[in-house]
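The structure under discussion appears below in the form of structure tokens.
Just so you know, all these numbers are worked out from the coordinates, no wet-lab data involved. Bear in mind that the values here come from a model prediction, so they are computed numbers and not experimental data. Cβ sites come from the backbone with ideal geometry, for glycine too, and all protein chains shown count toward neighbours.
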Amino acid sequence: MNARRRTVLAAGAAGAAALATGCGSSDGDGGEDAGPTPSAPGDATGGAELARTGDIPVGGGTVFKEQKVVVTQPEEGEFKAFSAVCTHASCLVSTVSDGTINCPCHGSRFSITDAAVEAGPATRPLPAEQISVSGGAIRLG
């Protein structure tokens, strides 16, 4: 029984070592050795300007497809940002109208105020995204 137990433990350790080695690859798959991913031109990550405050309509919002984010202005001067990836089937939301963020795939609608589900089939709100608003500029992060 002890020899059998040692064999199972050794096999488990070898498997764990293989997994750890695979996670550190440098083949560009995002592993720890891959280094930073260069930003695409116009990418809003890293504090680049996403929009001007005047670009976001009061009571509405704008979908930024490349950044997969939607920015809303529920009330004058109040800006919110949410993931533009629908929590139902991972489609990108496409429009903001009549106080909701709208997904074209199956008709889910989310509140522009807190991204709560207003109409399904989605059952979870859109996750919040971090933005900063300063000097008329809206920036991710």
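What is the distance, in nm, between label points placed 7 Å from the Cα along the Cα-to-Cβ direction at Arg124 and at Asp55?
The answer from the label model is 2.9 nm.
Any chance you could run the full-extension gain for Glu75 through Ser97? It's 0.36 nm times the residue separation minus the Cα-Cα distance, nm to one decimal.
6.5 nm
If segment 43-104 were replaced by its equivalent ellipsoid, with semi-axes equal to the square roots of 5 times the Cα gyration tensor eigenvalues, what would those be, largest first, whole Å?
Output for segment 43-104: semi-axes of 18, 16, 8 Å.
Let me see the pair-distance distribution of segment 76-134: every alpha carbon pair, 5 Å bin width, integer percents in order.
4, 22, 33, 23, 11, 6, 2, 0
Say R0 is 30 Å: what FRET efficiency, to the nearest 0.05, do Ala116 and Ala48 get from their beta-carbon distance?
Step by step, r from the Cβ atoms, then E = 0.55.
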